Every structure is written in structure tokens, then in C-alpha cells.
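The values are calculated or read from the model by the stated rules, or taken from the named source; none is laboratory data. Because the structure is a prediction, the values reported are computed rather than measured. When we count neighbours, we look across all protein chains shown, and the Cβ atoms used for this are built from the backbone with ideal geometry, even at glycine. Note: accessible area is taken over every heavy atom of the protein model, side chains too, but ligands, DNA and RNA are not part of it. Shrake-Rupley method; radii C 1.70, N 1.55, O 1.52, S 1.80 Å.
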Amino acid sequence: MRPSQDWNALIQKHLDGQTTEEEAQALSTGIEDDAEVRSQYLKAAQIHGALADETLALDVESEPEVKAAAPEQQKVLGQFAWPRQIAAGLVAGIFVGLLGVGMIWAIDSPKVEAQVFDIAHGDFETMAEGPTPTQFPVRFGEWAGNPAEVVKEADGNKILRFVRTANVKGTPDGIASNCSVFQLVDLTALRQQLEAGQTQGNYSLKLSARFRRDASLSDNELSNPKATLRIFLFQGEPESIGETWPQVVRQAEALGKKSIELKPGSAAATISASCILESDATVALIAVAATSGYNSKTPVPLGGFFVDDVQLTVIKQPNLPVEVVSR
Amino acid sequence: MDHQNNHERFTRLLLEAEPVMLRSVLVAVPNRTDARDILQETAVALWRQFDSYDPQRPFVNWAMGFARIETRRFLARAQRRAQLSEKAMAVLEREMAGESGFAVEVERHLATCMQKLGEKQHALIQGYYHENRSVEWLAEQGGRSVEAVYKAIQRTRIDLQTCVQRQIRKEII
């Protein structure tokens, strides 16, 4: 019989696909015959499984990579977001050919309707110049979060500048990998409006924003910074979301996110993140962010990142006939 | 309309069940790419059979039956990695069905434990799990050997497991 430490090492090797046939056989025998080995294996495998869960990445405010060259494309099979894509494909009947095996096809393409849904201060023009509140927002319609400020450009246009990364909850030793500025959006009126409509369809929300990165001494040494958009839909009261952030993302009814890499001085880029508009969602949490590109517990200055024209659009996709085809 | 309602219902149910299914498949097939392939096959099978789903039963239980079948099918044709024996997997499945306590605790405490990792450990986990970086890539970036990166990942998982167990004990006390 192997000592406990040996079993643990063997289990860990197996989780990374490093065991030989003989070692896998020895582990199998241990699992079959020894309750302690079985228990050790299950615990280690459950940690491994939980780490592979995409929502944990959001919990810790890490940002999975999306290449700048294709900001409008979703990741395809093999990346961790695929089950949501399958689900979204089934509902909306779009893009499912991207899943790589020709699983489901939309067989018609009726007209898609889009309607802008006003969010407060999406263009920052009516806001006073200066810092936005550095706390998680507790009410609808205010921008707040990590250190950021509204600045006026030479042409008079107002824009939000990301000042530095921070941990929005002020958690001691918490990760400060990004500068996120949030807004809570009340979906009640939108739901009433949609429910009053006579036509049937599937609805999704598209969050878009225009990001720009100027050359700046404060962030020109960052190796892999990104601009990021996130949208989460919740059922509940707005103040309850901040209380349990970031763990609350696990309760999100729907979510969408998109990142883009920007070189200093490059042209501004508009990116969008979409999610299915769940029928029982009452609150949307939207977040615009600049990330340092690595996990640091120390705040990092981000002087050159800006965002403007944050917009929420309701997309109506008429009911589409979809069919499953054989592989 | 019924067809469309079915789509929506299936989507909701699949979204709810997917994390549980993924974690369960990963117990038998730890390789994440393989596990996702299995989940894709499972999703197709579930959709084909959705008309026979009894809504009185929990969807996740129904779906897990399909996931187990697809896992066995996968293992029967996959020869490229050393796998656990069928008997070992059957024993694990039984154990998982009877005891979900630790999985629930992992769900509750893992985010907290992640915050307690050092920066290097955190970056490693982010690269390996959340950005799907290969160990070879991580080794090159970090100026370390592939073997050293594997060991660091494995040590980090053990640290996380210890942390979760400590959190559970703290609550009991």
C-alpha cells in the first residue's frame, strides 16, 4: 500500500493527464479498494472541476483572453464558454454552425429588430467633471466602482478615464487586477414594454462601448492590458448585488463579456457583449473596465485608457425554426 | 410555438445543469478538452431525447444519465491517455451520487480561497484554467521547466483543497 502522500501526488498527476498506464491502473485499484483513496480522489477532482468552471474566472475578476483582431466573434468549441453558446444558439437560432460539428442550423433568417435602451450617462456628457464614486453602486443609474474620472477633451466631449486598478470591495489582500466602473440598470420598464408588445420573439441585450488607449507614461509598461465589457442580469434588489459581489455572479440569470487588446495610440474601438434577456431578470449590472493583464494585489496606474458611448440595445430575434441535424 | 417553447425550456435547463455536469465528467475524465467534448455529445443527445424528458423529475439527474453514457462511449474509443478502470469509475459514480457535501463546500469557499493565493499561484491558475494556456506555454513565459509548472499547479490545487477544508472547519467551530 502506498503512503497517503504518494496517493495525493498520483491523484494530482492523473488530473493533469500525466499518469502512465501502470500508474492509472494502480490508482484505479486504490480507488476500488480503499475508501480513503476514493475520498482523496473525489476531493481533488472536485477542486479541479470547480477551477474549470467559467464563472469562477468572473468571481475573481480575471479576464479570459479574446483576441483583438476579432472583437465581435464568440469563442468557439474548445474554449470554456461553449455550453452557453450552445444554449444561446438554441434560443436565438444563430451562429451555431460555429460550434464546429454542424450541430444545429438556423434554417430561416427573418428580420432582426434593434432598439436602443437608454442608460443613465451613457455618453458621460451630463456628468460633472471629476472622479466617479469609488464604491460598488447601490442604486440605479450611477457610475461607480474603481478609481475613474470624467474628463473633458479639447473638443468639449466628455469621456470616462480609468485611473487605476483596485479591489472594489476593499477586500484585504484582494486582487486588484482591473479598474471596473459599474452601473445598475432597472429592467422593470423594459420588461413591461416587452410584455405589452403583441409580437413573439426572443430578446437579447447588447452592451456596447467605445474604448480608446492613449500613450501614457503610467501604463505603457503593462504587458497585456485590455479593455473589457461585462453585463450580468439578476433577479433581485439593486443594493443586494453589491453586498455579495463578486460571488453574486454565480446567481446571474445571464451574462456576457468581451475584451479587446488596445495598443497605445491606436484607433478607438467599439466592442459589444450580449446576453439573453431572461424573462425574470429585473436588474442589469453593466461594467466597463480596463485590466492590467495580470493579477496583482497592488493597484496599478492606468492613465491612458478611456471609454465613451456606452449603449444598451435590445435585440429582438423573431422565433426561428431550428432543427438538429446529424453529425 | 411548442417547438420554440421547448427550445427555451431546454436552454434554461441545460444552462442550470451544465456546471454540475462538467464537474462530474471531470472526475472521470480530468482532461478539460475531452470533458467538454463529452458535454457537447451529451447536449446533442439530450436535445434529441428532450421530448421524452419528464418535467416532474430533476433535469440534472436525467441529464447526468446521458453524461455517464457519453463518458463511457468516449473512454471506450479514447486510447491516447491513461484512464481509470471502468470499475473505479463506477465506484466513484456511486460515491458521488451518495455524497455531494464536499462539492457544495467547494462551491461556497473556492472563490475566497483563490483570493488567498499568492500572485504567482493565482496567475498560474488563471493561465492554466481560465485562459486555457498549455503548460508548455506557461513554462516558457515563466522561465521554468514544464515539470516545474505541473508541480506548481498540483501544489496550488492541494493548497486550495486545504484552504476549503480549513474554511469548513472554521464554520463548524
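With (1) modelled with pLDDT of 90 or more; (2) within 19 Å of the chain's Cα centre (by Cα) as the list, and A:R212 as the residue in question, which single condition is left unmet?
(2)
Being assigned by TED's automatic domain parsing to the domain that holds A:V288, out of contact with any strand residue (DSSP E or B) (no Cβ under 8 Å at 6 or more places or on another chain) and either closer than 30 Å to B:E119 by Cβ or not hydroxyl-bearing (S, T, Y) (or both) is the requirement here; does A:Q247 meet it?
Yes, satisfied.
For the range A:12-48, how many residues are touching a Leu at 6+ places or on another chain (Cβ under 7 Å) and under 19 Å from B:V149 (Cα atoms)?
Qualifying residue count for the region: 6.
Do we have any residue at all in the range B:75-94 that's farther than 26 Å from A:L27 by Cβ and in contact with a Phe, Trp or Tyr (Cβ under 9 Å, 6 or more places away or on another chain)?
Checked the range B:75-94: no residue is farther than 26 Å from A:L27 by Cβ and in contact with a Phe, Trp or Tyr (Cβ under 9 Å, 6 or more places away or on another chain).
Pull out all pairs, ordered by first then second residue, where Cβ-Cβ is under 6 Å, the residues are six or more apart or on different chains, the first lies in the range A:30-50 and is farther than 20 Å from B:Y128 by Cα, and the second is open to solvent by less than 40 Å² (accessible area, probe 1.4 Å) and of a type outside the set (A, V, I, L, M, F, W, C).
A:I31/A:R38; A:I31/A:Y41; A:V37/A:G30
Please go through the range B:10-39 and pick out each residue that is more than 7 Å from chain A (Cβ to nearest Cβ), more than 24 Å from A:L255 (Cβ to Cβ) and touching a residue at least 60 places away in the same chain (Cβ under 8 Å).
B:A28
In the range B:24-38, how many are buried (at least 23 other Cβ atoms within 10 Å of the Cβ) and part of a helix (DSSP H, G or I)?
Matching residues across the range B:24-38 total 7.
Can you find a residue that is more than 17 Å from the chain's Cα centre (by Cα) and farther than 29 Å from A:E23 by Cβ anywhere in the range B:25-43?
No, every residue in the range B:25-43 fails to be more than 17 Å from the chain's Cα centre (by Cα) and farther than 29 Å from A:E23 by Cβ.
When you check B:K120 against the structure, is it of a type in the set (K, R) and either within 9 Å of another protein chain (Cβ to nearest Cβ) or in contact (Cβ under 8 Å) with a residue 40 or more places away in the chain (or both), yes or no?
Considered against the rule, which asks whether it is of a type in the set (K, R) and either within 9 Å of another protein chain (Cβ to nearest Cβ) or in contact (Cβ under 8 Å) with a residue 40 or more places away in the chain (or both), B:K120 comes out as no.
Could you pull out every one of the helices (runs of 4 or more DSSP H) wholly within the range A:1-51 that has 2 or more residues that are at pLDDT below 90, surrounded by fewer than 16 Cβ atoms within 10 Å (Cβ to Cβ) and at positive phi?
none
Return the total of residues in the range B:61-84 being more than 27 Å from A:K13 (Cα to Cα) and surrounded by fewer than 17 Cβ atoms within 10 Å (Cβ to Cβ).
2
Checking the structure you have, find out if any residue of the range B:47-63 is within 11 Å of chain A (Cβ to nearest Cβ) and either closer than 22 Å to A:E32 by Cβ or in contact with a strand residue (DSSP E or B) (Cβ under 7 Å, 6 or more places away or on another chain) (or both).
Yes.
Test B:K87 against the stated conditions and say whether it is at negative phi, surrounded by fewer than 17 Cβ atoms within 10 Å (Cβ to Cβ) and facing another protein chain (nearest Cβ under 7 Å).
Yes.
Pick from the range A:55-74 the residues that are within 8 Å of another protein chain (Cβ to nearest Cβ) and in a helix (DSSP H, G or I): which of them is modelled with the lowest pLDDT?
Only one residue tops the list, namely A:D59.
Please determine whether any residue of the range B:60-68 is under 12 Å from the mean Cα position of the chain (by Cα), charged (D, E, K, R), in a helix (DSSP H, G or I) and within 28 Å of A:H48 (Cβ to Cβ).
Checked the range B:60-68: no residue is under 12 Å from the mean Cα position of the chain (by Cα), charged (D, E, K, R), in a helix (DSSP H, G or I) and within 28 Å of A:H48 (Cβ to Cβ).
Being touching a residue at least 40 places away in the same chain (Cβ under 8 Å) and closer than 16 Å to B:L15 by Cβ is the filter here; which residues of the range B:56-77 pass it?
If the condition is that a residue be touching a residue at least 40 places away in the same chain (Cβ under 8 Å) and closer than 16 Å to B:L15 by Cβ, then B:F59, B:V60, B:A63, B:M64, B:A67 are the ones that fit.
Quick check: is even one residue across the range A:172-180 in a strand (DSSP E or B) and on the phi > 0 side of the Ramachandran plot?
No, that holds for no residue.
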